[in-house]
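Please read the structure below before turning to the comments.
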Amino acid sequence: MTNRKRVFWATTALFSGLLVAGAASAQSSGTVATEATELDTVVVTGVRGPFTTDGTLVAETVAKTRSTITQEFIATQNPGQTILQTLNLVPGLNFVNADPYGNSGGNIRLRGFDGNRVSLTFDGVPLNDTGNYATYTNQQLDPELIERASVNTGTTDVDSPTASATGGTINYTTARPLEEAGMQFNGSIGEFNYLRGFVRADTGAFGPWGTTAYVAYSYTNYDKFKGPGELEKTQFNGKLYQDLGDGNFASVSAHWNVNRNDFYNNFITQAQFNSGTYLEQDQACFLPNGGAGAQNENTQANFVRSDGTTGTGSCTNYHGLRINPSNTGNIRGQFSYGLTDNIRFTFDPSFQYVIANGGNYSFAAERDNRFDQDGTNTTGVGFDLNGDGDVLDTIALYAPSNTNTHRYGIISSLIWDLNEDHRLRAAYTLDYGRHRQTGEATLFGRDAEPINVFGGQERWGSPDDRVFGRDGSFYRSRDRFSIAELQQFAIEYRGQFFQDAVTINIGARAPNFRRELNQYCYSLNGTSTVRCTTEATTPDLTRPGNVTFVGTTGSWIAPYQAELEYNDILPSGGVNWRFADGHSVYASYAEGISVPRTDNLYQPVRSTTGVLDFSAVQPETTKSYDLGYRFRNDMFLAQVALWYTEYENRIVSSRDNDPASPTFDLTIDRNVGAVIQSGLDAQFGWNVSDTLSVYGSASYNESELQDDLFLGNFTCTNATQVPGSTPPCGLAPGIVIPTFLQTAGKTLVETPDWTYSARIDWDATADLSLGLQAKYVGDRFASDVNDEVAPAYTVVDFDARYDLTNTFGIRDAYVQVNVTNLLEEDYLGNISTGNNSFAAPISTDPRVPLRSGQTRTYSIGAPRTAVISLGLKF
């Protein structure tokens, strides 16, 4: 690393010009081509790039708030670590990792936006789920292959393929293949039986056109840092690159990732955390043997808790069924070609594949009518699910909520240089996702292990593993098919004025988003509860189109098909003024939209006139303003930004950590209305000397909910009358009182007011480099009414690398030690947020009782963890 630093210092010391926008940190080929206007760069020993402080901070000149890191810094972090954790030092971003190595995922907050409202892209390919916009941080590219990563806070690029990014974008780009053939190997071992290997093979230039390519493979396996279970990850990557000359190129890349993870116990209350008395997932569980008489696999299982004690009950907490299997992959193309001297065409196609679920434990009785149809839709006398000769049992089922996605994308641009100072760009974006969500059940073995981690899913499970009823239909917890189609046109103008001292960009994107919904099950009116069945139904005369079932309550919407469209025109603009040598100011404005998630739309209400109403779910919209200042010279970089954001229909997403809940480990949304946020993001980098550099950042976030949250109407009767209140309901029985949760003036959940980060890099000798970094996270509220707060914490990490090139004569050989949470900080990690943690008033009328609270739950921050790595190239 020290050798690379010397080369880069040689570059930056002679840097006399300015690289506009840091092109390599942009997301698509079109954005790269639009922003990459090099006014004057100096290339020394083959290195080209903007000024940087050891890769931690790159000089930016775009008219928006952006922070960029490079491979030089990425390489200092934990091997195999998710890129989101590595970016955690930049201002405005707070990422809470679920374990020390990153394979369990984590939680993103960017200026108060959750990860569902932040666009995560990979060589321009959108990675947010097409249905719920979730970001799966444990499935990201191996860090050795990431050239650089950037964070746009509050804004997106004009061609961003997103219908949800109201909070900004996180982009990373993959490295190009090398011109010389070679191999790279990195191996790591660490605490909790951590084992990781990474191998990359480069072909070098080959063939008549000097084509280059590489393939890479990695494998990771380790134990959970608390409780039983392990995490396993396998990844394959490859890239083929063709330089077409004159700035033209074409490339094709492929990525395949397989995760098999056991969940942590993330439903720990603050009281349990403070006392240190909480259990992890169960070590083992054994279902009762079938036989004569009634067996109940939900209450008669024998389990071994994490502390070694035993009990009888349910297997719901057994680690072997609290799992997160996923197979994800993509193929990415990038093409950029100059049609004429001043017109360039770019075309980036992609395909993505996903199959994943979050595990499941449920149960059903053998006399459940869903199994007991005889082909004529009449109820029989029960159906023997476990083959023990009777129909008296309650059977445990593994019915995971599988999501299977086939996704096709295109990002294309036509860029026209009117002259040296003015550029126009037109862009078209297509993001088309086919989203199949099912829950085909299968049985457990007696050891409570599912027969197949994907249940009876038709492609990765086995249809023979499904749980069938008397009429040949199979049990499923959900069954729906959706199409999410984004078509977006955008236009952008960029101009240089006053001898390139002022850069102006003005643009707009016009997204048109279509969701096609196909619900194949019956839906309980106005809820997400479904019943997938072949049972006989009775028409509900009070709501035409709905039905009722024998033995159930409520009105059920029959299977339906619907199509919804959302469109908008979203302007953006910015100006950057370089008013003195090394000094510049910038201002930007951008509007954003996040259209409703699939899960929220599958909760329609059938009116008494028979109309399906989806209007309860509305798009979230934002208006964001930034005003910033930048300074740089040969030794120092600094950036400070003031920002302000207005929200309408602010959506808050939270993961349900309660294993007893039917939505366990799913993300639940709630609308908290209008919100105003403002704050400050600042960072600096200082190359103190040839051997020492310092980086620091700070962010302040102030948010305020504008409205009380309407909960519904309370009907006051003598039965609900609060004793002692006046006047009594008896004077006006049946009176309807609107109720509101008192959220106006409160702060957004899980959003710290202050965050600070710092890093020091020191070349102690010619071969030894040391790094020390820290991140402080302020208090975070756990509820919308701010009645529970997670206390502040600070995590310190250490890294050291010794260059072995001179010792063994092997190119780029090194040994590296990483220690995370060096000072063994105990802290609360991700929060399962909600409306109110404790009993809260919802009306000034004394006849309305307090609203019951639900104590919030948390994940636990990882302890001090050490890992040692050996790397070499040949």
Legend entry - Matching strands (runs of 3 or more DSSP E) fully within the stretch 223-307 where at least 3 residues are closer than 29 Å to residue 122 by Cα and of a type in the set (D, E, K, R): 230-245
Inset, instruction - Report yes if some residue within the stretch 219-227 is small (Gly, Ala, Ser), over 18 Å from residue 139 (Cα atoms) and crowded, with 17+ Cβ neighbours inside 10 Å; otherwise report no. - result: yes
Legend entry - Checking residue 587 against (1) surrounded by fewer than 16 Cβ atoms within 10 Å (Cβ to Cβ); (2) under 25 Å from residue 119 (Cα atoms); (3) touching a residue at least 60 places away in the same chain (Cβ under 8 Å), the condition it does not meet: (1)
Inset, instruction - Looking only at the stretch 418-446, count how many residues are part of a loop (DSSP other than H, G, I, E, B) and surrounded by fewer than 16 Cβ atoms within 10 Å (Cβ to Cβ). - result: 6
Legend entry - Residue check for residue 216: over 26 Å from the mean Cα position of the chain (by Cα), assigned to a strand (DSSP E or B) and modelled with pLDDT of 95 or more: no
Legend entry - Condition met for residue 138 (within 27 Å of residue 426 (Cβ to Cβ) and in contact with a Gly (Cβ under 6 Å, 6 or more places away or on another chain)): no
Inset, instruction - Name the one entry in 128, 103 that is more than 26 Å from residue 778 (Cβ to Cβ), surrounded by fewer than 24 Cβ atoms within 10 Å (Cβ to Cβ) and in contact (Cβ under 8 Å) with a residue 24 or more places away in the chain. - result: 128
Legend entry - Looking only at the stretch 159-206, and only at residues there that are outside any loop (DSSP other than H, G, I, E, B) and among the charged types (D, E, K, R), the one that is nearest to the chain's Cα centre (by Cα): 196
Inset, instruction - Return the pairs, sorted by first residue and then second, in which the second residue is not in a strand (DSSP E or B), the first residue lies in the stretch 852-865 and is among the aromatic types (Phe, Trp, Tyr), the beta carbons are less than 8 Å apart, and the residues are 6+ apart or on different chains. - result: 858/266; 858/269; 858/270; 858/273; 858/657; 858/782
Legend entry - Condition met for residue 191 (closer than 25 Å to residue 821 by Cα, surrounded by fewer than 23 Cβ atoms within 10 Å (Cβ to Cβ), of a type in the set (D, E, K, R) and touching a Ser or Thr at 6+ places or on another chain (Cβ under 8 Å)): yes
Inset, instruction - Return yes or no: is residue 663 within 29 Å of residue 362 (Cβ to Cβ) and modelled with pLDDT under 90? - result: yes
Legend entry - Failed criterion for residue 471 (all others in (1) buried (at least 20 other Cβ atoms within 10 Å of the Cβ); (2) farther than 25 Å from residue 607 by Cβ; (3) of a type outside the set (Gly, Ala, Ser); (4) more than 32 Å from the chain's Cα centre (by Cα) hold): (1)
Legend entry - Every residue from the stretch 106-121 that is part of a loop (DSSP other than H, G, I, E, B) and in contact (Cβ under 8 Å) with a residue 60 or more places away in the chain: 111, 112
Legend entry - Subset of the stretch 600-621 (residues that are in a helix (DSSP H, G or I) and of a type in the set (A, V, I, L, M, F, W, C)): 601
Legend entry - Positions within the stretch 309-326 being part of a loop (DSSP other than H, G, I, E, B) and either under 25 Å from residue 456 (Cα atoms) or modelled with pLDDT under 95 (or both), in sequence order: 314, 315, 316, 317, 319, 320, 321, 322
Legend entry - Residue satisfying all of: in the stretch 620-651; under 21 Å from residue 155 (Cβ atoms) and among the aliphatic types (A, V, I, L, M); modelled with the lowest pLDDT among these: 651
Inset, instruction - Could you figure out which of (1) under 30 Å from residue 497 (Cβ atoms); (2) out of contact with any strand residue (DSSP E or B) (no Cβ under 7 Å at 6 or more places or on another chain); (3) among the acidic types (Asp, Glu) isn't true of residue 388? - result: (1)
Inset, instruction - Would you confirm whether any residue within the stretch 477-487 is under 28 Å from residue 563 (Cβ atoms), surrounded by 18 or more Cβ atoms within 10 Å (Cβ to Cβ) and among the hydrophobic types (A, V, I, L, M, F, W, C)? - result: yes
Inset, instruction - Name every residue in the stretch 589-599 that is within 21 Å of residue 570 (Cβ to Cβ) and either outside any strand (DSSP E or B) or of a type in the set (Gly, Ala, Ser) (or both), in order of residue number. - result: 590, 592, 594, 595, 596, 597
Legend entry - Residue among 703, 699 that alone is at negative phi, buried (at least 18 other Cβ atoms within 10 Å of the Cβ), of a type in the set (S, T, N, Q) and at pLDDT 95 or above: 699
Inset, instruction - Would you mind finding the one in 358, 389, 329 that is small (Gly, Ala, Ser), at pLDDT below 95 and out of contact with any Ser or Thr (no Cβ under 7 Å at 6 or more places or on another chain)? - result: 389
Legend entry - Failed item, numbered, when residue 426 is tested on (1) more than 30 Å from residue 382 (Cα to Cα); (2) modelled with pLDDT under 95: (2)
Legend entry - Top-ranked residue of the stretch 754-769 - restricted to ones that are in contact with a helix residue (DSSP H, G or I) (Cβ under 7 Å, 6 or more places away or on another chain) and either part of a loop (DSSP other than H, G, I, E, B) or free of Cβ contacts under 8 Å to residues at least 60 places away in the same chain (or both), ranked as surrounded by the most Cβ atoms within 10 Å (Cβ to Cβ): 767
Inset, instruction - Kindly list, by first and then second residue, each pair from a residue in the stretch 174-198 that is on the phi < 0 side of the Ramachandran plot and of a type in the set (Val, Ile, Thr) to a residue that is surrounded by 15 or more Cβ atoms within 10 Å (Cβ to Cβ) and assigned to a loop (DSSP other than H, G, I, E, B), limited to pairs with Cβ atoms under 6 Å and residues at least 6 apart or on different chains. - result: 174/123
Inset, instruction - Give the residue, chosen from 203, 174, 212, that is surrounded by fewer than 24 Cβ atoms within 10 Å (Cβ to Cβ) and closer than 30 Å to residue 117 by Cβ. - result: 174
Inset, instruction - Would you kindly identify the strands (runs of 3 or more DSSP E) lying entirely within the stretch 517-583 that contain at least 1 residues that are touching a Gly at 6+ places or on another chain (Cβ under 9 Å), among the hydrophobic types (A, V, I, L, M, F, W, C) and touching a residue at least 24 places away in the same chain (Cβ under 8 Å)? - result: 522-524, 570-580
Inset, instruction - Can you give me the number of residues within the stretch 532-582 that are surrounded by 13 or more Cβ atoms within 10 Å (Cβ to Cβ), of a type in the set (Asp, Glu) and under 30 Å from the mean Cα position of the chain (by Cα)? - result: 1
Inset, instruction - Could you tell me which residue of the stretch 365-381 is modelled with the highest pLDDT, considering only residues that are among the polar types (S, T, N, Q) and crowded, with 20+ Cβ neighbours inside 10 Å? - result: 369
Legend entry - Any pair with Cβ under 8 angstrom, 6 or more apart, that starts in the stretch 274-286 at a residue that is within 22 Å of residue 790 (Cβ to Cβ) and ends at one that is in a strand (DSSP E or B): 278/268
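The values are calculated or read from the model by the stated rules, or taken from the named source; none is laboratory data. What you see is a predicted model; the values in this text were computed from it and never measured. Heads up, the Cβs are rebuilt from the backbone with ideal geometry, glycines too, and the neighbour counts pull from every protein chain shown.
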